[in-house]
Amino acid sequence: MKAATRSLTLPGWTILGAVTCLFLIGLATIYVTDTHVRPGHDGPYNAKKQLIFMAGGVVAGAFVLRIGYRRIGRHAYAIFLAVLVLLIPLLIARMTHTTFGGLIPSRRNAYRWIQLPVFQLQPSEFMKIAYILALAWYLRYRRNYRRFGGLVRPLLASAIPLMLILRQPDLGTCMIMLPVLFIMLFLAGAKSSHLAIILAIALAAAPLAWAQIHRYQRLRIAAVLLQSDSLREAIAKSPHDRYAFLASKRDAVEWAASSGYQLLASKTAIGSGGVFGHGWGRGPYVERQFLPDRHNDLIFAVIAHQWGMIGCLVVLAAYAAIIVAGAVIASQTREPFGRLLAVGVIALLATQITINIGMAVGLMPITGMNLPFVSYGGSSLLSNFLACALLISVSQRRPYLLSRRPFDFMPRRVRRLIYDAEVCAEE
């Protein structure tokens, strides 16, 4: 029985196959994408680095599968605190505008990375995994979140990393973590009425948050609305500063060449791909520097440009396979921590996929978010491999419980005794 838990289950094989497909598509796209990060054509150089990151992700994933998700769960709070500590130097660097001798490099006035000898570590990427682990561990045997006051602690614990990440600034990661929190709370048993109240409070506070974010961040969000010709015309012809909270007249007039340039270029690249695309390494948006950040944030547009609608459908089918396999794992898992962990990973991947593709097609603001397993980036690739390894580990090691279904709210002491007995039996 113990040896059988080491083999991949059917959902595990499905996830592994889909991840492999996505990585190969991303690698082929990165290989032909010149970003001018290095002199000359740097696509092959970036593809080589991506292969090294993939090898590191495979090793890290195998380590997770070897240990098992429940042993990792015992240290969920420690992992969360460790990653939280890594975010603090980034905040200090951002507030003091110093790089600490190159240890914390600045890109476009953002301080998100820690320079290591091998690669640049982005702690916010690993915070997503640590956050899901800690939240799932906290919720597994509790019932106080059934009361409105019981939601205060997870909300406050979520606010700390969110504020640190937002100050870097990294709006994209914050946009991921909030849906993950609400989905996990809802599926853990929190009352929908309580969550609706919290959401209403957040919407009421949105104008205050809008006033606090930087102007370039407001323009990124407003760029989605400024796709409307009638809105831009109304702003440009308004006799008063009626739309000053959204954009200035100059912003509206110069939108296509400034805040809306990436969005327009991305949509044009997708549309010009047609059904079958221009072919691998071909097309103006591959051969020319018309599309910024095309090797990471907007790589979906390059895929559509090269392989057309067929390539997009393959990518979407691979993601659908991962989400469906994850849903199967969550539905078949009765152990509370494993079930919540699986739900959190599914929510994380689904949210990130939705936002990234939404950015590429003009439905979401361009906030700097990678497409899982496809975009270039070491920290993102490693964190996504860890997330899928945890998901597969839940499928491998879920125990056969003789107790009630999770979140039936039996006494906490009884549930903890059952859980400890299962862990001891596995070991």
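In percent, rounded to a whole number, the relative contact order of the chain is 27, using alpha-carbon pairs under 8 Å and six or more apart. Note that region 331-341 has calculated 3J(HN,Hα) couplings of 5, 8, 9, 9, 6, x, 5, x, 5, 5, 4 Hz, one per residue in order, obtained from phi through the Karplus relation 6.51 cos²θ - 1.76 cosθ + 1.60 (θ = phi - 60°); glycine and proline are x. Excluding A159 itself, what net charge comes from residues whose Cβ is under 14 Å from its Cβ, given Lys and Arg +1 and Asp and Glu -1? Surrounding charge for A159 is +2.
Can you give the Rg to Rh ratio for region 55-199, taking only C-alpha atoms and Rh from Kirkwood? Numbers along the way, then the final one.
On the way: Rg = 16.9 Å, Rh = 16.7 Å.
My calculation of the ratio gives 1.01.
In vacuo Debye scattering of region 45-140, one point per C-alpha: log10 I(q)/I(0) at q = 0.11, 0.17, 0.18 Å⁻¹? Each listed q maps to, in turn, -0.43, -0.91, -0.97. How many angstrom lie between the Cα centre of region 194-260 and the Cα centre of region 275-307? Here the two parts' Cα centres lie 29 Å apart. Here's how it looks for G277: its modeled amide H is under 5 Å from those of G308, M309, which are all 5 or more places away or on a different chain. Near Q168: Cβ cut-off under 10 Å, other residues only, Lys/Arg at +1 and Asp/Glu at -1. The net charge is +2. What is region 15-90's relative contact order, in percent, from Cα pairs under 8 angstrom and six or more apart in sequence? Over region 15-90, the number comes to 17 percent. Using a cutoff of 8 angstrom between alpha carbon atoms and counting only pairs six or more residues apart, the relative contact order for region 151-307 works out to 14 percent. The order of L164, L51, L340, L181, going from fewest to most other C-beta atoms within 10 Å of their C-beta, is L51, L164, L181, L340. If you take the Cα centroid of region 39-74 and the Cα centroid of region 314-349, the two points sit 20 Å apart. Sorted fewest first by neighbouring Cβ atoms within 10 angstrom, S266, S383 come out as S383, S266. Residues in region 25-34 carry Karplus couplings, in order, of 5, x, 4, 5, 6, 4, 4, 9, 9, 8 Hz; the curve used is 6.51 cos²θ - 1.76 cosθ + 1.60 with θ = phi - 60°, and Gly or Pro positions show x. In this structure, S193 and L103 have a Cβ-Cβ separation that, at R0 = 41 Å, corresponds to a calculated FRET efficiency of about 0.30. Summing charges over all other residues whose Cβ lies under 15 Å from the Cβ of L103, with Lys and Arg as +1 and Asp and Glu as -1, gives +3.
Working note: Karplus 6.51/-1.76/1.60 with θ = phi - 60° gives region 208-224 the couplings 5, 5, 4, 6, 8, 6, 5, 4, 5, 5, 5, 5, 5, 5, 5, 4, 5 Hz, where Gly and Pro are set to x.
Sort V152, V314 so that the residue with the fewest other Cβ atoms within 10 Å of its own Cβ comes first and the one with the most comes last.
Details: V152 12, V314 15.
In order of increasing Cβ crowding within 10 Å: V152, V314.
Packing, as the average of other Cβ atoms within 10 Å across residues, places the peptides 206-218, 183-195, 131-143 in the order 131-143, 183-195, 206-218, highest first.
Each value in this text was obtained by applying a stated rule to the coordinates, not by laboratory testing. Remember, predicted model here, so these are calculated numbers, not experimental data. Cβ: placed from backbone, ideal geometry, glycine included. Neighbour counts: every protein chain shown.
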